[in-house]
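What follows is one structure encoded as structure tokens, with my remarks underneath.
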Amino acid sequence: MRYEELTGLVQARAQLPDRQSAERAIRATLETLAERIPGGLADHMAAQLPHEAGEPLRRVAAAHEGTPEERAYRRDHGERFGLTGFAGRIAWRTEHTEEEALREAAAFFEVLDSAVDPELMEKLYGVLPNDIRGLLPEARAEQDARAERDTRTERDSRTERDSRTERGSQAERG
């Protein structure tokens, strides 16, 4: 996928007004993601993205500061923060609200899902905590399927309950 295509798709999915807004959203999401995931995974992701898009991942992964032990830990594990921290960092970088930041990040993840190998998305899915993982397309599909099952189960329960009530009423009348 070319960089122009990536930014155009993010702009459309996140309903952003212009390409610069899409570029800001991509950069902010990738910088924040690079802080959260292991450095090796960030490097693999950067290698599969257009050069301009992969640069924030490479830059953040290379810039980890601290003692050699701290750098090694971050390289293997990434920083620990949840959805609130994730949204806050993206919002700060884009100068948007946290709600807008999450919407833009989710749009970016949809585009990312089609831009990189499925195995890489599975690895990303595996290293993120549940709350951040909910932004990924696979997780949202699972949530939608679960919600649909719950709705169907609730509807089936109501139908069964209504049928029993109706049969009971008929028996009383009969």
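The values are calculated or read from the model by the stated rules, or taken from the named source; none is laboratory data. These numbers come from a predicted model, not from an experiment. Heads up, the Cβs are rebuilt from the backbone with ideal geometry, glycines too, and the neighbour counts pull from every protein chain shown. Just the protein is used for accessible areas: all its heavy atoms, side chains included, with ligands, DNA and RNA removed. Shrake-Rupley method; radii C 1.70, N 1.55, O 1.52, S 1.80 Å.
Does the range 94-116 hold any residues that are open to solvent by 60 Å² or more (accessible area, probe 1.4 Å), under 18 Å from A46 (Cβ atoms) and in contact (Cβ under 8 Å) with a residue 40 or more places away in the chain, and which are they? Even if it seems obvious, please write down each step before you answer.
Going through the range 94-116, the residues open to solvent by 60 Å² or more (accessible area, probe 1.4 Å) turn out to be 95, 97-100, 103, 110, 113-114.
Checking the rest, the ones that are also under 18 Å from A46 (Cβ atoms) come to 113-114.
Selection gives S114 alone.
For a quick check of your reading: which helices (runs of 4 or more DSSP H) sit entirely within the range 1-58 and have at least 2 residues that are modelled with pLDDT under 95 and either in contact with a Cys (Cβ under 6 Å, 6 or more places away or on another chain) or open to solvent by 50 Å² or more (accessible area, probe 1.4 Å) (or both)?
Helices (runs of 4 or more DSSP H) meeting the threshold: 39-48.
Does E119 satisfy being surrounded by fewer than 16 Cβ atoms within 10 Å (Cβ to Cβ) and assigned to a helix (DSSP H, G or I)?
Numbers: surrounded by fewer than 16 Cβ atoms within 10 Å (Cβ to Cβ): yes; assigned to a helix (DSSP H, G or I): yes.
Criteria met by E119.
What residue, among those in the range 59-86 that are at pLDDT 80 or above and of a type in the set (V, I, T), is surrounded by the most Cβ atoms within 10 Å (Cβ to Cβ)? Walk me through it before giving the result.
If we filter the range 59-86 for residues that are at pLDDT 80 or above, which is where we start, we get 59-60, 79-86.
Right, trim to of a type in the set (V, I, T) and you get 60, 84.
Working: V60: 19, T84: 11.
Checking each candidate, the answer is V60.
Return the pairs, sorted by first residue and then second, in which the second residue is among the β-branched types (V, I, T) and part of a helix (DSSP H, G or I), the first residue lies in the range 125-138 and is loosely packed, with under 15 Cβ neighbours inside 10 Å, the beta carbons are less than 7 Å apart, and the residues are 6+ apart or on different chains.
No pair meets every condition.
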